Amino acid sequence: MISNKKIQLSLFAIHIVFGTLLNSTHAIELDEITRTVTLEESGKTIVLTPEQVKRGKRLFNSSCAQCHNGGITKTNPNIGLEPESLSGATPPRDNIYSLIEYMKDPTSYDGATSIAELHPSIKSAEIFPKMRNLTDEDLFAIAGHILIQPKIAAEKWGGGKIYY
């Protein structure tokens, strides 16, 4: 028969092993500087909450990563989600509000043509069902995720095939 002491030691060992594994898999806590992103074209910034960061990552992975894994654009690898590409678009898509506007009604990189029938968006939610239930709060979180990734993944974000 197993003694109570052996059972207690076994349970303690299990607790230590699983506790260590669980703690090692928690998301890295990002500081305020990392969570600070540009809100609007004027340059005003905002600090995303840890909840917005987690939500943005989850939503990006479920709604956007199929075509933008690692910040690349599978259909056009020359234009990714890295800061240079975002700021070079017309209008620039390098802030929360402009990314939200893009996710609602996307246009070509030069801004001249609507691409809502080609790119998932709120406007084309009937064609792209994943977009149907996204709220403005969801779009805000996704935009925040896109803007903090260069701070986290550095050159890997939008780096293309050499990294992914």
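The values are calculated or read from the model by the stated rules, or taken from the named source; none is laboratory data. Quantities reported herein were computed from a predicted structural model and do not represent experimental measurements. Reconstructed Cβ throughout: ideal geometry from the backbone, glycine too, with neighbour counts over all protein chains shown. Accessible surface areas use protein heavy atoms only, side chains included; no ligands, DNA or RNA. Shrake-Rupley method; radii C 1.70, N 1.55, O 1.52, S 1.80 Å.
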Quick one: is residue 150 in a loop (DSSP other than H, G, I, E, B) and within 26 Å of residue 46 (Cβ to Cβ)? no
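Just to check your reading of the model, which residue among 111, 70 is without any contact (Cβ under 8 Å) to a residue 40 or more places away in the chain, open to solvent by less than 50 Å² (accessible area, probe 1.4 Å) and either at positive phi or among the aliphatic types (A, V, I, L, M) (or both)?
Among 111, 70, only 111 is without any contact (Cβ under 8 Å) to a residue 40 or more places away in the chain, open to solvent by less than 50 Å² (accessible area, probe 1.4 Å) and either at positive phi or among the aliphatic types (A, V, I, L, M) (or both).
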Those residues of the range 94-108 that are closer than 18 Å to residue 144 by Cβ, part of a loop (DSSP other than H, G, I, E, B) and open to solvent by 20 Å² or more (accessible area, probe 1.4 Å) come to a total of 1
Matching residues in the range 110-127 (within 20 Å of the chain's Cα centre (by Cα), over 15 Å from residue 75 (Cβ atoms) and of a type in the set (Gly, Ala, Ser)) number 1
Taking interchain pairs and intrachain pairs at least six residues apart, which have beta carbon atoms under 8 angstrom, with the first residue in the range 132-143 and more than 10 Å from residue 59 (Cβ to Cβ) and without any contact (Cβ under 8 Å) to a residue 24 or more places away in the chain and the second in a helix (DSSP H, G or I) and open to solvent by 90 Å² or more (accessible area, probe 1.4 Å)? none
Quick one: would you say residue 122 is open to solvent by 40 Å² or more (accessible area, probe 1.4 Å) and touching a Gly at 6+ places or on another chain (Cβ under 9 Å)? no
Residue count for the range 73-93, restricted to those that are open to solvent by 60 Å² or more (accessible area, probe 1.4 Å) and farther than 15 Å from residue 39 by Cα: 6
Within the bounds of the range 126-146, is there any residue that is on the phi > 0 side of the Ramachandran plot and open to solvent by 40 Å² or more (accessible area, probe 1.4 Å)? no
